[in-house]
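A.B. asks: I have a structure I would like to understand better, so I am pasting it below and will then ask my questions one at a time.
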Amino acid sequence: MYASREDIGYDFGDDSKVGSKPIKPNPNIDGGWAWMIVLSSFLVHILIMGSQMALGILNMEWLEEFNQSRGLTAWVSSLSMGITLIVGPFIGLFITMCGCRKTAIIGGILNALGWILSAYASNVHYLFLTFGVTAGVGSGMVYLPAVVMVGQYFQKRRALAQGLSTTGTGFGAFLMTALLKYLCREFGWRNAMFIQGAISLNLCVCGALMRPLSHKDVNEKYVVRSNSEDNQAKALSHSAEAIKSIGVLSEEPDKKEEATNEEVLDTGKRIEIGGKSRSGKNMYGLRILKTASQLTVTVRKGFGIWYSSYFGAASLFTNRVFVAFIIWALFAYSSFVIPFIHLPEIVKQYNLSRQNNIFPLTSIIAIVHIFGKVILGIISDLPCISTWNVFLMANFTLVTCILTLPLMQTYISLAVVCALIGFSSGYFSLMPVVTEDLVGTKHLANAYGIIICANGISALLGPPFAGWIHDITHKYDFSFYICGLLYMVGILFLFIQPYIGKKQPREKSTEEAQV
């Protein structure tokens, strides 16, 4: 069942020259500053994903404060979690134009603003705008750069690095739950949200740590990858050839863009030199004009890359395996949250409340989930193991547990299944790695933005869908079965597409045969 990068890779072209010249590896790739990037991403997961996992505390406060229905109030947290992921493709545009560091810093400010403004909410609909939309968009602007930067800085230990950084979600769930409980009890929920907004400003610090790699460093990373992955130089040159085929970053447009930019700067300099004798007001206007010209060139270039990645000749959607990955993402996240919704009802039905109060089943999932991310990351980084195969096996294990959990009737059996759910769901840390293998590092921001957008739709619609099934059937087990079967369909798409979409190997030319 092995599927190599060439099997599932994004086929952009061929460039046998990549990796032909030995280049000294950059010490910051797989080491050095790369571990500061992991720390930054870890803190981002604590502050964003951990806070969202603890929103149940605030949800109870909102129910008591505004006296609205549970369904309407629940949309506040659902909007925040869903929008964080759904805005992924648009955040990819910001990253293309501004880079990960600036995007994350702006997102940190916006997220903190959403928390602080929510402290003055007069009704639930006000929270939709301030917390659901404002804080949600800010969270998305920090979350995607945190994932992308880890992918850029790591090659040999990508899966382990992503696993370590994403464990912040589990730690954050415990820390932020305890923190919000304490703040609400001591200061009230409004002051708690104000304080949480101040804490969220630390996201700007995390963004500042996201030091971008130079183009030389990125090229060195490609060479390291080509030497470490069975000399697969063709697969590694695909991303560069793709951008050339798009036409936005081809040499001629680049030269034109640079020439245009240089002309603007030179003109500004000539005017600036000739205007030394003029008033300071005119000089200030010229500087604004020069800055606006630079910004216009940057925006046009970034938008061109972003647009071509989605709708150009070498669009991401021309990759069949990537399309199958999107279909899988639409069903995956909703199936993961189903146990958290219905486990309390299962515990109540089988009179297991006493055992569950001692060690809650949801806590078992959360704790083992942390270890699952790290262990699956270590396994995936082994030279003889395919990340793709580990990813598929974890998905098969998870869907099997989802389908069998309603059949368990004792606390021990439920605890075992919940532990397997927590461990196998550690594949979330492999999603950026698999995405990078499919499309390359240069397209990771846009591609992973699409994937988390699909996850966001699943997170937004999955719980209401499960509740709707329960209202019709009056049985919780049908929610597991239907969502599990939909999840299985998505996994089957991932399983068969590498072979259906695999191109026939081209025939070797006479020169290649001689070599």
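A.B. asks: Among residues belonging to the stretch 95-123 that are at pLDDT 90 or above and among the β-branched types (Val, Ile, Thr), point out the one that is nearest to Gln52 (Cα to Cα).
C.D. replies: Ile116
A.B. asks: Just to be sure I understand the filter: pairs with C-beta atoms under 9 Å, separated by 6 or more residues or on different chains, first member in the stretch 162-191 and without any contact (Cβ under 8 Å) to a residue 60 or more places away in the chain, second member exposed (fewer than 14 other Cβ atoms within 10 Å of the Cβ). Which pairs pass?
C.D. replies: The qualifying pairs are Leu183/Asn191.
A.B. asks: Just one of Ile364, Ile375, Ile346, Ile379 is surrounded by fewer than 24 Cβ atoms within 10 Å (Cβ to Cβ), part of a helix (DSSP H, G or I), more than 27 Å from the chain's Cα centre (by Cα) and not aromatic (Phe, Trp, Tyr); which is it?
C.D. replies: Ile346
A.B. asks: Can you pull out the residues in the stretch 159-198 that are of a type in the set (Val, Ile, Thr) and farther than 30 Å from Leu444 by Cα?
C.D. replies: Matches in the stretch 159-198: Thr177, Ile195.
A.B. asks: Here is a further query. Give me a count of the residues in the stretch 397-412 that are under 27 Å from the mean Cα position of the chain (by Cα) and open to solvent by 70 Å² or more (accessible area, probe 1.4 Å).
C.D. replies: Of the residues in the stretch 397-412, 1 are under 27 Å from the mean Cα position of the chain (by Cα) and open to solvent by 70 Å² or more (accessible area, probe 1.4 Å).
A.B. asks: Still on this structure: List every residue pair whose Cβ atoms lie under 8 Å apart, where the two residues are 6 or more positions apart in sequence or sit on different chains, the first residue falls within the stretch 321-341 and is modelled with pLDDT of 80 or more and among the hydroxyl-bearing types (Ser, Thr, Tyr), and the second residue, located anywhere, is open to solvent by less than 50 Å² (accessible area, probe 1.4 Å) and in a helix (DSSP H, G or I).
C.D. replies: Filtered contacts from the stretch 321-341: no entries.
A.B. asks: Is it the case, given these coordinates, that Ala192 is at pLDDT below 90, surrounded by fewer than 24 Cβ atoms within 10 Å (Cβ to Cβ) and under 28 Å from Ser118 (Cβ atoms)?
C.D. replies: no
A.B. asks: Would you say Tyr153 is touching a helix residue (DSSP H, G or I) at 6+ places or on another chain (Cβ under 6 Å), within 23 Å of Leu438 (Cα to Cα) and open to solvent by 10 Å² or more (accessible area, probe 1.4 Å)?
C.D. replies: No, not satisfied.
A.B. asks: Out of Gly114, Gly163, which single residue is assigned by the TED database to the domain that holds Met53, over 19 Å from the mean Cα position of the chain (by Cα) and buried (at least 22 other Cβ atoms within 10 Å of the Cβ)?
C.D. replies: Exactly one of Gly114, Gly163 is assigned by the TED database to the domain that holds Met53, over 19 Å from the mean Cα position of the chain (by Cα) and buried (at least 22 other Cβ atoms within 10 Å of the Cβ), namely Gly114.
A.B. asks: Determine which member of the set Leu420, Leu438, Leu485 is open to solvent by 10 Å² or more (accessible area, probe 1.4 Å) and farther than 30 Å from Gly71 by Cβ.
C.D. replies: Answer to the selection: Leu420.
A.B. asks: Looking only at the stretch 35-48, decide whether some residue is among the polar types (S, T, N, Q) and under 23 Å from Gly188 (Cβ atoms).
C.D. replies: No, the stretch 35-48 contains no residue that is among the polar types (S, T, N, Q) and under 23 Å from Gly188 (Cβ atoms).
A.B. asks: A further question follows. What single numbered condition from (1) within 18 Å of Phe428 (Cα to Cα); (2) open to solvent by less than 10 Å² (accessible area, probe 1.4 Å); (3) β-branched (Val, Ile, Thr) fails to hold for Val124?
C.D. replies: (1)
A.B. asks: While we're looking at this one, here's another question. Exactly one of (1) modelled with pLDDT of 90 or more; (2) under 25 Å from Ile37 (Cα atoms); (3) not acidic (Asp, Glu) is unmet by Ile83. Its number?
C.D. replies: (1)
A.B. asks: Here's a check for you: in the stretch 461-515, which residue that is at pLDDT below 75 and acidic (Asp, Glu) is nearest to Thr73 (Cα to Cα)?
C.D. replies: Here the residue is Asp471.
The values are calculated or read from the model by the stated rules, or taken from the named source; none is laboratory data. In this text the structure is predicted, and so the values were computed from the model without any measurement. When we count neighbours, we look across all protein chains shown, and the Cβ atoms used for this are built from the backbone with ideal geometry, even at glycine. Surface areas here come from the heavy atoms of the whole protein model, side chains and all, with no ligands, DNA or RNA. Shrake-Rupley method; radii C 1.70, N 1.55, O 1.52, S 1.80 Å.
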